[in-house]
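Each remark here refers to the structure printed beneath this line.
The values are calculated or read from the model by the stated rules, or taken from the named source; none is laboratory data. Because the structure is predicted, anything quoted here is derived from the model rather than measured. FYI the Cβ positions are ideal-geometry reconstructions off the backbone, even for glycines, and counts take in every protein chain you see.
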Amino acid sequence: MKPIPLLLALTAQRTTAACLSSATSTTINTLLTTGGPNTLISLCPDTIVPLTSPIIFTAPGQEISTAGYPTDSTRATLLIQPGTDTTSAIRGNWQDYVRVRNLQIDGNRPKAGALGGDALLEMGGGTTGQWVEGNVIRDTRSWSCFHLIASGQEGNLCRNATVKGNTVGPCGEEGVGVEGGLWADGLSVECTESVVVDNEITGATDGGIVIFGSPGSSFLRNTITSSSTQRGFGGINMVDPNYNGNYSGVVVSDNTIIGVDSGFIELGIAMGSQVWSNPHPLNNFGPTTVSNNVFKGNIGFSIVINGWEGGLTVQNNDISAVSPPSDFADPSTCGSIQKSAFLASHPLLIYPPGAGSPLTIQPEFTTLSANASNFLCLTHPLPTSQSFTAGSLSVSAATSTVVDLKGLHVQLQGDGNLVGLDTTGTNQGGSEVKWASGRYSDGCGTDGSGCVLAFDEAGELKLTDGTGKTVWGSGTKGKEVVFLGEEPWVVVKEADGQQLWTVGELA
Ligand SMILES: *[C@@H]1O[C@H](CO)[C@@H](O)[C@H](O)[C@H]1NC(C)=O
Ligand SMILES: *[C@@H]1O[C@H](CO)[C@@H](O)[C@H](O)[C@H]1NC(C)=O
Ligand SMILES: *[C@@H]1O[C@H](CO)[C@@H](O)[C@H](O)[C@H]1NC(C)=O
């Protein structure tokens, strides 16, 4: 055998080396603008591109990718820099056939911070043939890791996009910050006739895949796993009214949805206009198919259907590995129907008058007896008691909730009454009062903000109203106040644990 000629070897090397080993958003944007259609931005493996503004596709067929299309940690990284107000790494809207491949797209939320704005990867608009494959897409600063936006144009819909084999997440955080919810979607898809396939989404805290209408699109073989500590709202959502609620031809098949550890997923697949926390008046509509999906572990409700019409086929979905509702979530803040369904381990729920026809539904579904909405109601397991040190508790009647304990909700009402309500019951029409301060004020103001329950710096638990009056006080110089799920309900304690006062003394 002849030895490989040196020249050939060098040429081959030079070809693979024809990639950018250093770049910024500015240099890449210049290449895209001057290069025109089909410009290829090929980044060398292991390159890190610091972003201080988004990379913007300017012509059809442009591509940004890592040379050789690796699938491991050598994929080039687009990294949003702290200290900028950039939330999008790439803007590929309104250009046909553009491609984003084999990159690590990092919103850098832990260092750059959460910020309202566009999604980390913004694609879609009035286009065809966009392609997003083999990327890591993580730590968006904003509401979503990936967004395929609709065009808003009747004759020029967002269509025919491919989103394949991406590793997505974590996306967002549980809880609320100064600008509102910190949670974020994995994939937010508002595009017709598209395919979302073989993606792995882990740790999305809003919806794993949110389908915004998107008639004719398929969602196949994706795996959606919760964070191990933070709650995810939905696995796959079909609740929003985009495209006027048109989900016709949407297929959701062979996906796996997994809730792990103390992070859990509230709603595996949510279908219809009534199921989410913001019910809207018109039904979503099919015909739509949801089949052969697998649900595992800590999922509150696997599939819930209410607010649908025009056809639905839901078959062969496997709920055999869903955890019993043991201790991974608490339904105290749910409505009574949701609470009973959760406690009775009914993972598949349908309200037939809100499901329309034709309807082909697998036999394990439980029929809801009433038109219940908002199944986004589970919380992490609640504590059996909660304590506050002097100066660390101040709640107004406008906020209302003082503490949520296992089986007990403590609220300060607009009339100044401090009340402990039983939350274990599933009776319609309210919870039983377990205890109440029985002290009232007409100085709370119309929104209740005048009345404030505080455990003050001096160690006194007291209620003051809008006129500046102390309605009642514990008269203590205590170390901590403890709210309990059982008698004596509320206790002010000394540093050594000695009980100084209980709410029972008000009676
Ligand atoms: C759909 O997109 C693919 C590339 O992803 C392209 O090959 C095909 O031509 C597109 N079809 C239409 C009808 O635009
Ligand atoms: C729903 O979308 C499909 C596919 O785009 C379309 O053919 C159908 O007319 C739409 N239905 C309505 C009622 O708009
Ligand atoms: C269920 O209630 C919602 C909200 O009131 C309403 O819009 C919807 O039409 C009701 N569904 C049925 C089947 O009555």
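Quick look at the values:
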read-out	value
Residues of the range 137-152 classified as assigned to a loop (DSSP other than H, G, I, E, B) and either β-branched (Val, Ile, Thr) or within 16 Å of ligand 1 (Cβ to nearest atom) (or both), total	2
Search result, residues across the range 366-388 that are within 16 Å of ligand 3 (Cβ to nearest atom), of a type in the set (A, V, I, L, M) and either touching a residue at least 40 places away in the same chain (Cβ under 8 Å) or surrounded by 14 or more Cβ atoms within 10 Å (Cβ to Cβ) (or both)	368, 372, 376
Exclusive hit being surrounded by 12 or more Cβ atoms within 10 Å (Cβ to Cβ), at pLDDT below 95 and over 21 Å from residue 501 (Cα atoms), set 441, 431	431
Residues satisfying the stated conditions in the range 92-116, i.e. among the charged types (D, E, K, R), out of contact with any strand residue (DSSP E or B) (no Cβ under 6 Å at 6 or more places or on another chain) and not in a loop (DSSP other than H, G, I, E, B)	109, 111
Residues of the range 346-355 that turn out to be surrounded by fewer than 20 Cβ atoms within 10 Å (Cβ to Cβ) and either touching a strand residue (DSSP E or B) at 6+ places or on another chain (Cβ under 8 Å) or aliphatic (A, V, I, L, M) (or both), as a count	2
Within the range 430-480, tally of residues that are among the hydrophobic types (A, V, I, L, M, F, W, C) and farther than 30 Å from residue 495 by Cβ	2
Residue in the range 178-191 that is surrounded by fewer than 24 Cβ atoms within 10 Å (Cβ to Cβ) and either of a type in the set (Phe, Trp, Tyr) or without any contact (Cβ under 8 Å) to a residue 12 or more places away in the chain (or both) present	yes
Meets criteria (surrounded by fewer than 18 Cβ atoms within 10 Å (Cβ to Cβ) and modelled with pLDDT under 95) for residue 391	no
Residue tally, condition closer than 15 Å to residue 253 by Cα, small (Gly, Ala, Ser) and either within 16 Å of ligand 2 (Cβ to nearest atom) or surrounded by 19 or more Cβ atoms within 10 Å (Cβ to Cβ) (or both), over the range 287-307	1
